[in-house]
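In what follows, a single structure is set out as structure tokens and then discussed.
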2 protein chains.
Amino acid sequence: MAEGGSPQRGRGVLPWNLKLPRGVPLSDHKLQVIPLGGLGEFGMNILALRCGDDILVVDAGMMFPGAELLGVDIVVPDISYLVEHRHLIRALILTHGHEDHIGAAPFLLAQLDIPVYGTELTLALVEKRLEDRKLPREPRLCAVKAKETVKAGCFSVEFIHVTHSIVSAVALAITTPAGVVIHTGDFKIDPTPSDNELFDLHTLADYGKRGVLLLLSDSTNAECPGFTPSERGVRGPLEEVFSRAEHSLLLSCFTSSTHRIQQILDLAYHYNRKVALVGRSMTTNAEIAHGLGFLRIPDGLLVRPPDLKLLPRPARTLLIAGSQGEPMSALSRVSVNQHRNVSVEAGDTVVLSSRVIPGNEKGIFRMIDHLCRRGAEVVYGSTTPGVHVSGHASQEELKLMLNLVRPRHFVPIHGEYRQLARHAALAEHMRQSGLERTIVLESGDVLEIDARGARQAGRVIVGRVCIDSGSVDEIVEDVVMHDRRNLSEDGIVLTVIAINRHTGELESQPEIVTRGFVAPDDGAEMVARARQIVVKTLEGSTDEEMTDYGVMKAKISADLKRFIARRTSRRPLILPVILEV
Amino acid sequence: MAEGGSPQRGRGVLPWNLKLPRGVPLSDHKLQVIPLGGLGEFGMNILALRCGDDILVVDAGMMFPGAELLGVDIVVPDISYLVEHRHLIRALILTHGHEDHIGAAPFLLAQLDIPVYGTELTLALVEKRLEDRKLPREPRLCAVKAKETVKAGCFSVEFIHVTHSIVSAVALAITTPAGVVIHTGDFKIDPTPSDNELFDLHTLADYGKRGVLLLLSDSTNAECPGFTPSERGVRGPLEEVFSRAEHSLLLSCFTSSTHRIQQILDLAYHYNRKVALVGRSMTTNAEIAHGLGFLRIPDGLLVRPPDLKLLPRPARTLLIAGSQGEPMSALSRVSVNQHRNVSVEAGDTVVLSSRVIPGNEKGIFRMIDHLCRRGAEVVYGSTTPGVHVSGHASQEELKLMLNLVRPRHFVPIHGEYRQLARHAALAEHMRQSGLERTIVLESGDVLEIDARGARQAGRVIVGRVCIDSGSVDEIVEDVVMHDRRNLSEDGIVLTVIAINRHTGELESQPEIVTRGFVAPDDGAEMVARARQIVVKTLEGSTDEEMTDYGVMKAKISADLKRFIARRTSRRPLILPVILEV
């Protein structure tokens, strides 16, 4: 009632429209935001929202471990917090079907009896992961379409279509008693996606207009200036490769990149080539996407890999798994000429239409070196940046998201610390009116929001659970879960192999060291047998494999693991150490 | 004498000018080119040339090992070939002072009594590495200036000044009985180097005119299109950082990058800041470069690190070692607040003016994350590409080199296989007249060249010798050599540490496993003591260090190594394995 003057009631302005900031809670409900993974670390995205006695879980991703966690194949989040509060959890909501968002779902469902909501494709990918796995109960998978709303306890969740490298990805508008939370999932703002399903900017704008309490937004590319190019941008560079390839053409991309696979199929068709899908994850993912109508495959385009040899070389195209140089993947095996059906010959062209996930550089470059040794031309990011575009929003898109949603509070999600910090700085520099606070959280930090504002309120238990599944093929296809059985219970098997660096031959019997694994009395014979297994694996390897310690370690791991599992039905962590002497 | 018409003798054209191809050998001498390291692998550059009973060695570099060779600190080439032919070796010629070209020199000199030729700066850096090391005899280090020629057996070697990230780098024109060999060393063609010492194109052109038998040329950047920007190009982006930095400014670059250090000193002076040199390798390299007149340091610019605190924050500049995120380096220690004299506060700016060496991504990103957590703004390649330029030639410069030298044979050197292959393809596509053959060699391949041409002729023994020196500081300053004592003789000590992922505490006593190291009878007490050492190291670490397994492994390695060396005067390979349970 001071200088600003009193509201002019006579002119029909509603007083609550003037006095209350946008997005203000309608009551004094308290909302807790609890990231259990993916904030301050790469992958393993999982976040809980709690309001009163209701908990909602968004995503349940896994992480591929670095070389530091030698011998461990995948890492899933510690869900002690969820297990402890299992009676309060109303649902698991999945934003899209990438490993770092759904990979830990089987692990969650083994311990929690909760319904799972996601788009049809996302759930199909989860179902595939659940195959061959005995859950204590039938999982409740509920398909939801974009624009539909799901009720879960006091939450209601609207699915909002977004563009990303995988199709059928959504953001979430989560209405809670304390206000609306927008969770972007992973996204880019692609004005010309290859399936013409546009980003649903309008629904987001509507929420923004009505008032949003909190925005949680993808920070993966927060360090990249500008706008991420449209998926359609790779068409030109890929077409150039197709137009000058004189022999076989091998293309590798993330096997979940439906857009990319579609563009490659279209180009192969246009250039009168046949396509073979190589690698289990490539076949499976393509089958699922095709089955749901997301992939258009012209009749007669596909051939089986063994039939490739019947075709002239200029008619051969291979869509092949293994763009990250995983030691046991199809493309890695091809690069050392160890694949059953496929080989690379001088003059062939290999395209890596994918980014290098940090930590995988050495493996990928080693694979490229092998392919070059076979005389292939290898086209990848360093030589032709245009053959891949990112699926994540760059800085200008992130600003657009903030402009559209106009949140009262902002928490950057999905990223290592520097990316979260950069995203937060970006928001701060915008000085967008209505944005009260930007908070950088890390996994385990609890944020509380109520009518008085947002503040950090302690921590919950978070961490990583390591799972050793023996071979990359198995990771992708068949995640064997440990049911939170403590790793230390199963123990460790170290095997130290000394290889003569001149002759490449075994210098001495492999050493096998076990800890916390078998009782010493029946251990001796077991260790002797394990030693033989390692020797057999080494003898059965080619010279080329022997020079690639990544491959050798994976082979030794897989063989030892199989032997030990059969003999003891235990799954110790297996650490192969190769020494050149 | 056919369609082309006979030479017009009457017009004074000399017949031998017409009939003999350029660079043809004057006799039937046979030249052998024997790369012993650095071809098909990154680092560890060393190459032998043999003609009759004379062998010349060019460079003797080391390599930093990847995560695969866990616990090993540096890797040097196997020089069995040289040791076997020690009586034939006439000299070691060094092209410049980078680790991957001189790092194995002490190792060579411990076994071979040969004179070493290089520029003054190069030899000063070698001398530093030889300090504290007992060689069987006084090393014969002979300083040579650019344009001077050295005789060694049947070879005569002219030093040709080139531009590179380190000053005082040379290419070599090696005149052999079979013809002239040009070895480029590492180079870029920088038209405006910060010291105004231009690339000596004229001498190279002269050799090209007179005829060159073989060109050996740097392939590091063979995948980069265009021209590498001048070193002067970083001045603008760095100046922008200086102009907007409000508090302390920490800059890290390769400590051998004299040009870069000079530019940073100049900017600090211009912006009225004082500079402290932090990290032993930074101090040492700057001292050496300054002592030889390569670094101009205005009076009163430098302060000692402990005196930084006496200055206001906007007057503080730190030139700090550790741009590769090496766990024990100065910048890594600062990032986890474990440095004696230096700390980072909110609002400070940290600049990484360096490239990411493949394999170091994870360590560097982890360090950046820590720095961001302390509230620093971190400026590096991903955010501001302009703060670093490469010291190696891109494709257009490589073509210029081929044009200038006009070799009869070409062998790409210094690179992993894909880079060598790309460089070779580049040369082939140029279809330069006079270029008879381009040959991709890998370390160990022998190339023979004589009047009839060039051909591969078998292989010699090559390989890697792993050296564990305990901590990165020691690697840089004081390479402890094993005198080719076989690693397997000293054995292995594995230590397995199980850390509770919730509490960060030790879950059980550390396991110590030794192999081939101590006799079992006196082993028990030793192992018990080693266990205590590990416990002490863990207890003496901060929470932040504990979350960084790279740091923890390095600390445990260093402490265990010291204990074991003191007790047994042995240097086993130490492998710390950390498990989260």
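The values are calculated or read from the model by the stated rules, or taken from the named source; none is laboratory data. Worth saying up front: this structure is predicted, and the values here are computed from it rather than measured. No Cβ is skipped: glycine too gets one built from the backbone with ideal geometry, and neighbour counts run over all protein chains shown. SASA here: full protein model, heavy atoms, side chains in, ligands and nucleic acids out. Shrake-Rupley method; radii C 1.70, N 1.55, O 1.52, S 1.80 Å.
Listing for the model above:
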item	result
Spatially proximal lysines relative to residue A:553 (Cα-Cα < 19 Å; intrachain offsets below 8 disregarded)	A:362, A:536, A:561
Residues of type lysines that residue A:274 reaches as a straight line, Cα spacing below 24 Å, ignoring anything fewer than 8 places off in the same chain	A:309
Spin-label zone in the stretch B:267-298 - amide nitrogen under 20 Å from a point set 7 Å from the Cα of residue B:310 along the C-beta vector	B:269, B:272-279, B:298
Largest-first ellipsoid semi-axes for the stretch A:136-213, taking √(5λ) over the Cα gyration tensor eigenvalues, angstrom	22, 19, 9
In Å, descending, principal axis extents of the Cα set of the stretch B:90-236	48, 42, 27
Whole-Hz ³J(HN,Hα) from phi, Karplus 6.51 cos²θ - 1.76 cosθ + 1.60, for the stretch B:402-410, glycine and proline x	4, 4, 5, 7, 6, x, 7, 10, 9
Sequence of A:120, B:231 when ordered by accessible area, the most exposed leading, probe 1.4 angstrom	A:120, B:231
Per-residue HN-Hα couplings for the stretch A:345-360 [Karplus 6.51, -1.76, 1.60; θ = phi - 60°; Hz; x = Gly/Pro]	10, 4, x, 6, 10, 10, 10, 9, 9, 6, 8, 8, 6, x, x, 9
Prolate/oblate/rounded call for the stretch A:318-424, Cα gyration tensor, a/c under 1.5 rounded	prolate
Heavy atoms of residue A:294 accessible to a 1.4 Å probe, total area in Å² rounded to 10	60 Å²
Inter-copy spacing of residue A:312 label points, which lie 7 Å from Cα along Cα→Cβ, given in nm from shortest upward	7.8
Amide proton proximity set for residue A:91, modelled H, under 5 Å, gap of 5+	A:57
Set of the stretch A:427-445 residues, backbone N closer than 18 Å to the point 7 Å along the Cα-Cβ line of residue A:455	A:436-441, A:445
Estimated vicinal HN-Hα couplings, Hz - the stretch A:339-344 in sequence order (Karplus 6.51, -1.76, 1.60; Gly, Pro = x)	9, 4, 9, 10, 9, 9
Inter-copy spacing of residue B:459 label points, which lie 7 Å from Cα along Cα→Cβ, given in nm from shortest upward	5.1
Calculated FRET value between residue A:111 and residue B:210, using beta carbons and R₀ = 56 Å, to 0.05	0.10
Per-residue SASA entry for residue A:80, accessible area with 1.4 Å probe, Å² rounded to 10	20 Å²
Exposure of residue B:568 as accessible area (Å², to 10), given a probe of 1.4 Å and all protein chains	40 Å²
Loss of accessible area when A meets B, both sides summed, Å² nearest 100, probe 1.4 Å	4700 Å²
Three-way shape call for the stretch B:180-322 based on the alpha-carbon gyration tensor, with the a/c threshold at 1.5	prolate
Pairwise label distance in nanometres, residue A:338 with residue B:338, each label 7 Å out on the Cα-Cβ vector	3.6 nm
Inter-probe distance in nm under a simple model that places probes 7 Å from Cα toward Cβ, at residue B:196 and residue B:270	1.7 nm
Virtual spin-label span in nm between residue B:29 and residue B:246, 7 Å along Cα→Cβ	6.8 nm
